[in-house]
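Student: Have a look at this one.
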Amino acid sequence: EVRNGFTFLDLIVIQIESLNKKYGCSVPLLLMNSFNTHDDTQKIVEKYSNSNIEIHTFNQSQYPRIVTEDFLPLPSKGKSGKDGWYPPGHGDVFPSLNNSGKLDILLAQGKEYVFIANSDNLGAIVDIKILNHLINNQNEYCMEVTPKTLADVKGGTLISYEGRVQLLEIAQVPDEHVNEFKSIEKFKIFNANNLWVNLKAIKRLVEAEALKMEIIPNPKEVDGVKVLQLETAAGAAIRFFDKAIGINVPRSRFLPVKATSDLL
């Protein structure tokens, strides 16, 4: 529950219902789940069966955790349950959209863009002005960025590299340059993880297997065994799309709720 009895999903549904009513359109809602959240989500979305929006759910991939000691998959060592597997980060949204068949459904309906955001970001709502700009300028990908504060020094930022816009994450920065990366004077913006992406471009790049995003190693421990999860971030895909841009948006579009205190 976020406020007044409403959950994150309630607020998202209300926003899209309002959008559809105001503009006489049929914007659907797509929820990407992992194997950990699929069953619970299916039960929850049933409460919206009478709403005026089309709700799709699809699962992202699941990969075997890798044992750090010998780089063998954890399931090969007898861990055949859920603990042996992991969802590989939100960068998997692009192939999962395609593999699930949802991408083809959206394209068949004449949809052109998808707005991707974290469900716990209360500021991530559809902005018609941004969408209009992308359509008019034929931008295949747009990342919303917002001014960095001391609370956001670890957030990824946009750089220009080899003539293309690229996301730079703190994990990619050599130790001797980390303080420079954290500087809010040098790197004044960070990725709000609100992304606008052209659907035909996703189809083109996924089918060409061209989305070679940087791998983010995420060390974990399962029952005393040190393992690695190899993940990707959706923002890292920016360099593969044509006419990709970043748009500096107000802080009001980045209101993530990670703890109860964030609601105060």
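The values are calculated or read from the model by the stated rules, or taken from the named source; none is laboratory data. A quick note: this is a predicted structure, and the numbers were derived from the prediction, not measured. Positions of Cβ are generated from backbone atoms using ideal geometry, with glycine treated the same way; all protein chains shown enter the neighbour counts.
Student: Search segment 1-59 for residues being within 20 Å of Q109 (Cβ to Cβ) and assigned to a strand (DSSP E or B), and hand back the single one that is nearest to the chain's Cα centre (by Cα).
Tutor: Out of the qualifying residues, it is M32.
Student: Only one of V93, V114, V165 is touching a helix residue (DSSP H, G or I) at 6+ places or on another chain (Cβ under 7 Å), closer than 23 Å to P217 by Cβ, among the aliphatic types (A, V, I, L, M) and not in a loop (DSSP other than H, G, I, E, B). Can you tell me which? Write out each step before concluding.
Tutor: Details: V114 fails: closer than 23 Å to P217 by Cβ; V165 fails: closer than 23 Å to P217 by Cβ.
V93 is the lone residue from the list that is touching a helix residue (DSSP H, G or I) at 6+ places or on another chain (Cβ under 7 Å), closer than 23 Å to P217 by Cβ, among the aliphatic types (A, V, I, L, M) and not in a loop (DSSP other than H, G, I, E, B).
Student: Which numbered condition in (1) part of a helix (DSSP H, G or I); (2) touching a Leu at 6+ places or on another chain (Cβ under 8 Å); (3) surrounded by 19 or more Cβ atoms within 10 Å (Cβ to Cβ); (4) not aromatic (F, W, Y) is the only one that K203 fails?
Tutor: The failed condition is (3).
Table: residues versus (1) out of contact with any His (no Cβ under 8 Å at 6 or more places or on another chain); (2) assigned to a loop (DSSP other than H, G, I, E, B); (3) among the hydroxyl-bearing types (S, T, Y); (4) under 23 Å from L199 (Cα atoms).
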| residue | (1), (2), (3), (4) |
| --- | --- |
| P75 | yes, no, no, no |
| L106 | yes, no, no, yes |
| A124 | yes, yes, no, yes |
| N132 | yes, no, no, yes |
| N136 | yes, no, no, yes |
| N139 | no, yes, no, yes |
| V145 | yes, no, no, yes |
| K154 | yes, yes, no, no |
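Student: Among F58, F35, which is the only one that is of a type in the set (F, W, Y), modelled with pLDDT under 95 and closer than 23 Å to M213 by Cβ?
Tutor: Numbers: F58 fails: modelled with pLDDT under 95.
On inspection, the qualifying residue turns out to be F35.
Student: Next up: Out of (1) at pLDDT below 95; (2) surrounded by 13 or more Cβ atoms within 10 Å (Cβ to Cβ), the odd one out for F94 is which?
Tutor: Every listed condition holds for F94 apart from (1).
Student: On the basis of being without any contact (Cβ under 8 Å) to a residue 12 or more places away in the chain, out of contact with any strand residue (DSSP E or B) (no Cβ under 8 Å at 6 or more places or on another chain), more than 16 Å from K148 (Cβ to Cβ) and not aromatic (F, W, Y), does D175 make the cut? Show your work before the answer.
Tutor: Numbers: without any contact (Cβ under 8 Å) to a residue 12 or more places away in the chain: yes; out of contact with any strand residue (DSSP E or B) (no Cβ under 8 Å at 6 or more places or on another chain): yes; more than 16 Å from K148 (Cβ to Cβ): yes; not aromatic (F, W, Y): yes.
Here the answer is yes, as D175 does meet what is asked.
Residues checked against (1) charged (D, E, K, R); (2) closer than 23 Å to L211 by Cβ; (3) surrounded by 17 or more Cβ atoms within 10 Å (Cβ to Cβ):
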residue	(1), (2), (3)
R3	yes, no, no
L11	no, no, no
S18	no, no, no
Y86	no, yes, yes
G110	no, no, no
V114	no, yes, yes
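Student: Working only within segment 226-247, note down all residues that are assigned to a strand (DSSP E or B) and in contact with a Leu (Cβ under 7 Å, 6 or more places away or on another chain).
Tutor: Restricting attention to segment 226-247, the residues satisfying the condition of being assigned to a strand (DSSP E or B) are 226-231, 245-247.
If the condition is that a residue be assigned to a strand (DSSP E or B) and in contact with a Leu (Cβ under 7 Å, 6 or more places away or on another chain), then V227, G246 are the ones that fit.
Student: Considering only residues that are part of a loop (DSSP other than H, G, I, E, B) and in contact with a Gly (Cβ under 8 Å, 6 or more places away or on another chain), look in segment 248-260 and name the one that is nearest to C142 (Cα to Cα).
Tutor: Pass one, segment 248-260, residues part of a loop (DSSP other than H, G, I, E, B): 249-250, 254-255, 257-259.
Pick out the ones that are also in contact with a Gly (Cβ under 8 Å, 6 or more places away or on another chain) and you get 254-255.
Numbers: F254: 15, L255: 19 Å.
Per the criteria, the residue is F254.
Student: Determine the pairs where a residue that is farther than 14 Å from K47 by Cβ, located within segment 1-14, has a partner that is at pLDDT 90 or above and in a strand (DSSP E or B) with Cβ atoms under 6 Å apart, the partner being 6 or more residues away or on another chain.
Tutor: Final answer for the pair search is none.
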